[in-house]
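A.B. asks: Handing you a structure now.
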Amino acid sequence: MGFIKDIFKLLRNTTWPTRKESWIDFRSIMEYTAFFVVIIYIFDQLIVSGLIRFINIF
């Protein structure tokens with residue numbers, strides 16, 4: 001049972017983020033996600049248009 005006791009001790013000693021810090025982190029994650037969605041979408045459109053041109057050659 002020492003393992004379970006140590007887990008709760010570790011959780012009590014952990015510094016948890018405040019509500020404001022949590023929202024800042026959440027907003028940052030959403031911004032990064034949106035940025036990479038746009039980058040992947042642009043890359044996908046370039047690949048698709050290139051493949052269509054390549055298929056039309058044959």
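A.B. asks: Given points 7 Å out from each Cα along the Cα-Cβ axis, report the I24 to R12 separation in nanometres with one decimal.
C.D. replies: For the pair I24/R12, the computed spacing is 2.9 nm.
A.B. asks: Per-residue HN-Hα couplings for the stretch 19-28, Karplus 6.51 cos²θ - 1.76 cosθ + 1.60 at θ = phi - 60°, whole Hz, x for Gly and Pro?
C.D. replies: Once θ is set to phi - 60°, the couplings for the stretch 19-28 become 4, 5, 4, 5, 5, 5, 5, 4, 4, 4 Hz.
A.B. asks: Additional query: Tell me which label goes with the value of percent of Cα pairs over 13 Å apart computed from the coordinates here: [x] 76; [y] 69; [z] 65.
C.D. replies: The calculated read-out lines up with [x].
A.B. asks: Could you derive backbone 3J(HN,Hα) for the stretch 12-18 from the dihedral phi with the Karplus parameters 6.51, -1.76 and 1.60 (θ = phi - 60°), listing whole Hz in sequence and x where the residue is Gly or Pro?
C.D. replies: In residue order, the calculated couplings are 5, 8, 6, 8, 8, x, 6 Hz.
A.B. asks: Considering the dipole of the chain built from charges on the beta carbon (Lys and Arg +1, Asp and Glu -1) around the Cα centre, which of S28, F43, I55 is farthest to its positive end?
C.D. replies: Selected residue: S28.
A.B. asks: Using a 1.4 angstrom probe on heavy atoms only, work out the carbon and sulfur share of the accessible area of the stretch 1-54 in %.
C.D. replies: Carbon and sulfur together cover 72 percent of it.
A.B. asks: For the stretch 48-58, what does the Karplus curve 6.51 cos²θ - 1.76 cosθ + 1.60, with θ = phi - 60°, yield as ³J(HN,Hα) per residue in whole Hz, taken in order and with x for Gly and Pro?
C.D. replies: 4, 5, x, 5, 5, 4, 5, 5, 5, 5, 8
A.B. asks: I'd like to check one number: the per residue accessible area of the stretch 5-58, probe 1.4 Å, reported in Å² as a whole number.
C.D. replies: I get 104 Å² per residue for this part.
The values are calculated or read from the model by the stated rules, or taken from the named source; none is laboratory data. Note that the structure is a prediction, hence the values are computed from the model and not measured. Methodologically, a virtual Cβ is constructed for each residue, glycine included, from the backbone with ideal geometry; neighbour enumeration extends over all protein chains shown. Accessible surface areas use protein heavy atoms only, side chains included; no ligands, DNA or RNA. Shrake-Rupley method; radii C 1.70, N 1.55, O 1.52, S 1.80 Å.
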